Structures are given as C-alpha cells and as structure tokens.
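The values are calculated or read from the model by the stated rules, or taken from the named source; none is laboratory data. Note that the structure is a prediction, hence the values are computed from the model and not measured. Cβ coordinates were reconstructed from backbone atoms using ideal geometry, including for glycine residues, and neighbour counts include every protein chain displayed.
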C-alpha cells in the first residue's frame, strides 16, 4: 500500500515554487505544507463573503511568503493579487490598486515586462482602473498591453483580441460609444481573418457590438449583430443555453424598437 501524501499535487507545486530562471527559492516540505494551509484558509474566507478576515489572513500569508520565498516570488505575487481582491470587496480602492500595481511590478522584475503573465496582470490592472473610473489611466494601460501583444503575438491572437474587446467594453461603459464601436469592429474584422475558432469571443464581440450600436440608435445594424451573436452562441452551446437566449432577447427588443 502506497503511503498517503498530504495534498500531493499542491505540496509539490509549492515545493517547486514556480521556479523561474533560477531566481526562485524553494521551501522545505514543512514550509510548503504550512503555506498551503494558510492559502486555503485565506481563500475560503475570501470566497465565502468574509473579505476583512481574508485580508488579515493574506497579510500574514504574504509576510510568511516574503520571508520563505522572497517578495517577488510568483507565489507571493499571487497572494498579493488575492489581497487586492479582499481590499476591493471592502471598497478599499487605494489599497487594492496598490496591490495590483505591486503584482505587476514584481512580475516585470521576475518575468520581464513582455512576458505573457506580466501582460495578463497589466490587463487586469487596466480593467480595475476602468472599474474605478480612472479612464485615462486605464486607456493608457490597455494601450500599452495591446501594443506589446500585437507586436509579439500578432493582432489575431486570442489574448490580444480579448484584451481589445475588453478595452471596447470599458469605453462603451463610460459613454465613449464612437471609440468603442471602432474597437469592436476592429476585433470583429480580425476574428474573421483569424484561423482560430474562437466561438466564445466571436459571440461576445457580436453581442457587445449589437449593444453599442443600439445605444447609438443604429438599430438596423444592431439587429444583424444580435442575430449573429445568437447564432454563434447556439453553435458553441445550444439553443436553450442562457447566452443564446440572452442574444435572442436582445434581437427581439431591437426588433420592437424598429417597429415603433
């Protein structure tokens, strides 16, 4: 009978400690198990509506990780991201932004400014800034991330297109309808040119563009994209899926507006 390992995959993950270019230190088995226990406790609190308690746990966890692994270790930075979430849920906006920025800075130093994980964190920071109404900063952050992604991965790569569509959503949410429409249309065109079958993004892009057009009174074209979104969701999921139904409902409401 094989000896039972305590949460073997997670302990092994912590033992390996996401080593990057020889810069990341590795804890012993006892430290790894202790970190796993702390991590689980903090995440449980965060996921069960106790952000203040989660904040306290993550502060303690980060202090431990900084001592055992180092302040710029990827595992430490991952916990800082969770701490930012705990701040955000308490509407501690300045503290949350500080942690998201620290995560980005740490990844830039550890992985490099153009690493895909660094870009992912920068994209999340851009999204957060947009949610907080810091539109100029968010646009600048999005612009930098998208420019790097387009140069390295190309305009038709999935993450590049998702980032551009997210930028368009932020612009739309804050009343920049013309700029949003331009970005949505650019994403739609590059999706048509892409060899990848990105059905979820195609459907979401069509749905978002339909809303953007309807919000500007361009209902004839909005109806076309709403129907295309419903067809794309149907292809990806089913006729009865909630996203398919949502797109069909949007098309129905646009049809009603056209009849008035």
- Grab the helices (runs of 4 or more DSSP H) fully contained in region 149-243, keeping just those with 3 or more residues being at pLDDT 95 or above and more than 26 Å from residue 126 (Cα to Cα). 219-236
- Task: Kindly provide the set of residues from region 129-142 that are under 17 Å from residue 172 (Cβ atoms) and buried (at least 22 other Cβ atoms within 10 Å of the Cβ), ordered by number.
- Result: 129, 130, 138, 142
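Looking at region 147-164, which of its residues are touching a residue at least 40 places away in the same chain (Cβ under 8 Å) and either surrounded by fewer than 17 Cβ atoms within 10 Å (Cβ to Cβ) or within 18 Å of the chain's Cα centre (by Cα) (or both)?
Passing the criteria: 158, 159, 161, 163.
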- Among the residues of region 101-116 satisfying the criterion of being in a helix (DSSP H, G or I) and touching a residue at least 40 places away in the same chain (Cβ under 8 Å), which is surrounded by the fewest Cβ atoms within 10 Å (Cβ to Cβ)? 116
- Note on the structure: A careful count of residues in region 55-90 that are within 19 Å of residue 137 (Cα to Cα) and outside any helix (DSSP H, G or I) gives 0
- Task: Could you pull out the residue among 192, 221 that is within 17 Å of residue 181 (Cβ to Cβ) and within 25 Å of the chain's Cα centre (by Cα)?
- Result: 192
- Item | Residue that is more than 19 Å from the chain's Cα centre (by Cα) and surrounded by 22 or more Cβ atoms within 10 Å (Cβ to Cβ), where the choices are 94, 126, 86, 54 | 54
